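J.: Quick one: this structure, given as structure tokens, is what I'll be asking you about.
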Amino acid sequence: MNQMRHDLAGAHPLDPAGTPPGEASPADLAALARMVRVDAATGDLVIANGVARLVLKRDGTIRVEGVRIVGTADETIALRAAVIDLN
């Protein structure tokens, strides 16, 4: 995981130069604001970038949508649920 953090440092498309927090340009902040919205009717927080979406619902549901979803860990990935539905 430490290697992954190092690989991603400064690699965000809104921050290619690794600009320190608090020093983002107004254009960068506007681009970020276009990716994040709150649905007034449901209270869902939606973060979208292209066809990738992350939806956090008030009831605790987290929905991850995308063409390809990759999980990486240096150690264990644990799934705990009453039911795990694979396809």
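Read-outs throughout are calculated quantities, based only on the coordinates presented, and are distinct from any laboratory measurement. Because the structure is predicted, anything quoted here is derived from the model rather than measured. Positions of Cβ are backbone-derived with ideal geometry, glycine not excepted, and every protein chain shown enters the neighbour counts.
J.: With each pseudo-label sitting 7 Å past Cα toward Cβ, what's the residue 35-residue 62 distance in nm, one decimal?
T.: 1.7
J.: Here's something else I'd like to know. Using a Förster distance of 30 angstrom, determine the FRET efficiency expected from the C-beta separation of residue 28 and residue 77, and round it to 0.05.
T.: Working: r = 32 Å, r/R0 = 1.07.
The formula returns an efficiency of 0.40 here.
J.: A further question on this structure: Taking just the alpha-carbon atoms of region 28-87, what radius of gyration and Dmax come out, in angstrom?
T.: Cα-based Rg and Dmax for region 28-87 come out at 14.4, 41 Å.
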